[in-house]
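In what follows, a structure is listed as structure tokens, so that the remarks can point back to it.
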Amino acid sequence: MSEEIKGQELDDAVKTLLGKYDKVKQAMLVKIEVSSHSDAYVLFESLNNRGTPLTAIDLMKNLIMARAEVNKLTIDDCFNRWQQLLKCLSDDYSTQERFFRQYYNAFKHKLNEPFQNDNDRKKDPLGVVATRSNLLNIFESLINKDLPAFLEDIVDCGQLYSWLILQDPTEKIFRKALEDLDHIQGAPSYLLLLYLLRNKEELQITDVQINKLIQQLSIYFVRRNLTDYPNTRDLTRIFMDIISRIEEECPTGTDVINLIIEVLSLPENCASDESFKRKLKGDVYKDNVGATRYILCKLAEKAMTQESWTDLWKRTDKKVFVWTIEHIFPEGENIPQCWVDMIAGGDRSLADKYLEEYVHKIGNLTITGYNSTLSNKSFEEKRDRKSKDGRYIGYKNGLEINKDIAQKGAWTIEDIKTRTKSLVEEIITVFTFPG
């Protein structure tokens, strides 16, 4: 290597070091002194968020840590109890946030009592209802008022909530009913159930009574979700009003359950039989896929025995349902010729008309596995389809809901009309509210 090259490399190395030195000289060190370990924790958490804004729940935790020493609690104890709470609520932030809103809305009257005074005549000084926008303000007040009592109560309620959201694997008498309530998306009622579970002894209600109530709530949400009545934004108010009436009238035992059903049955709170029936006769699949799937699954489960039980809510590793809704007359716009011939005697324009009018009716829907393998196949292929190991996976799959379809030699518009009428009457009976 020449002396000239060695000299150039040395110059480059010196320039690199001088450049780094200049960077160091330009750096600014900021010293921040805090008065306690809890303040240091809050500061660290606030700065160490990787550029992502802290959520309301993050800020609640920070405030708890900051208030620990003042309340003669250790930071470790507060941190462990907070982690215990979040473990009960799952890792899903939306579920965590919903819990905090429903916790306040369920126990609003009790939580507001320490903040009421003669000068401020507000009945609910913390807020009429907890929302995303005021959640932090509400819980900041609760934490600052009495941290030990707050932590004890919120962790206890978190354990109860873990049962409601099926996070706790402990077998309870109402676990199956809660699974149904989850399947029909009845989460708005968790605030009422949380209140009942927390005050079960005072209200003198049993697990059996709670189980029957949850079953009724599932029926209520079938009708609500299919008709979209009452409006979603009214559901929190309805369940909070029920709690208010319980606290005002002080019923016990069966009277508690009767009061709840009575309020939910009011015309302003529940879809009528007429509107429910009208929706069932319409394009249910288009109106609400989730509610439609739930209805079909419940009809199929109705005929199952312990020996023939099939989990229709099972999911694959990719989190998709193994059992899915199947359109007997296919829903795709490009109707296969075999279906044009069967459903409309070869008239494609008539088949298109039937597609628009009948394909999403309840009478044209059922539950099967391996839906993607059935798709646009002919009726006979769908009916007689088998898996590689020889099991029937089409309409002969053994589900009672498919029994009549499996015996058909063809599928026509009259079949859809007849089955729709039959299923609507059965659904009205199964999902009568109150039952």
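CYS297 passes all but one of (1) within 22 Å of GLU356 (Cβ to Cβ); (2) part of a helix (DSSP H, G or I); which number fails?
All conditions are met except number (1).
Go through (1) part of a loop (DSSP other than H, G, I, E, B); (2) under 31 Å from the mean Cα position of the chain (by Cα); (3) not β-branched (Val, Ile, Thr) for PHE79 and report which single condition fails.
With (1) part of a loop (DSSP other than H, G, I, E, B); (2) under 31 Å from the mean Cα position of the chain (by Cα); (3) not β-branched (Val, Ile, Thr) applied to PHE79, the lone miss is (1).
What's the total number of residues in the stretch 124-147 that are in contact with a helix residue (DSSP H, G or I) (Cβ under 9 Å, 6 or more places away or on another chain), open to solvent by 50 Å² or more (accessible area, probe 1.4 Å), not in a loop (DSSP other than H, G, I, E, B) and not charged (D, E, K, R)?
Number of matching residues: 2.
Looking only at the stretch 250-267, count how many residues are out of contact with any Ser or Thr (no Cβ under 9 Å at 6 or more places or on another chain), assigned to a loop (DSSP other than H, G, I, E, B) and in contact (Cβ under 8 Å) with a residue 40 or more places away in the chain.
Count: 3.
I'm checking my understanding of the structure. Among residues of the stretch 361-390 that are modelled with pLDDT of 90 or more and under 32 Å from the mean Cα position of the chain (by Cα), which one is most open to solvent (accessible area, probe 1.4 Å)?
Once the filter is applied, the top-ranked residue is LYS361.
Restricting to the stretch 247-273, and then to whatever is more than 28 Å from the chain's Cα centre (by Cα) and charged (D, E, K, R), can you tell me which residue is most open to solvent (accessible area, probe 1.4 Å)?
The residue in question is GLU248.
When you scan the stretch 274-286, do you find a residue that is in contact with a Leu (Cβ under 9 Å, 6 or more places away or on another chain) and either open to solvent by 40 Å² or more (accessible area, probe 1.4 Å) or at pLDDT below 95 (or both), even just one?
Scanning the stretch 274-286 turns up at least one residue that is in contact with a Leu (Cβ under 9 Å, 6 or more places away or on another chain) and either open to solvent by 40 Å² or more (accessible area, probe 1.4 Å) or at pLDDT below 95 (or both).
Can you pull out every residue in the stretch 214-240 that is closer than 17 Å to THR131 by Cβ, assigned to a helix (DSSP H, G or I) and either of a type in the set (Ser, Thr, Tyr) or open to solvent by 10 Å² or more (accessible area, probe 1.4 Å) (or both)?
THR232, ARG233, ASP234, THR236, ARG237, MET240
Looking only at the stretch 325-336, decide whether some residue is acidic (Asp, Glu), open to solvent by 70 Å² or more (accessible area, probe 1.4 Å), touching a residue at least 12 places away in the same chain (Cβ under 8 Å) and out of contact with any Pro (no Cβ under 9 Å at 6 or more places or on another chain).
yes
Taking ALA106 and the conditions (1) among the hydrophobic types (A, V, I, L, M, F, W, C); (2) in contact (Cβ under 8 Å) with a residue 24 or more places away in the chain; (3) under 20 Å from PHE79 (Cα atoms), which numbered condition does it fall short on, given that it satisfies the others?
(3)
Per-residue answers, yes or no, for (1) modelled with pLDDT of 95 or more; (2) not β-branched (Val, Ile, Thr):
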{"residue": "LEU136", "(1), (2)": "no, yes"}
{"residue": "LEU142", "(1), (2)": "yes, yes"}
{"residue": "GLY158", "(1), (2)": "yes, yes"}
{"residue": "ILE205", "(1), (2)": "yes, no"}
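List every residue pair whose Cβ atoms lie under 6 Å apart, where the two residues are 6 or more positions apart in sequence or sit on different chains, the first residue falls within the stretch 391-415 and is open to solvent by 70 Å² or more (accessible area, probe 1.4 Å), and the second residue, located anywhere, is of a type in the set (Gly, Ala, Ser).
Matching pairs, first to second residue: LYS396/ALA406; GLU400/ALA303.
The values are calculated or read from the model by the stated rules, or taken from the named source; none is laboratory data. The structure presented is a predicted model; accordingly, all values stated were derived computationally and were not measured. Glycine gets a Cβ as well: all are built from the backbone with ideal geometry, and neighbour counts include every protein chain shown. Note: accessible area is taken over every heavy atom of the protein model, side chains too, but ligands, DNA and RNA are not part of it. Shrake-Rupley method; radii C 1.70, N 1.55, O 1.52, S 1.80 Å.
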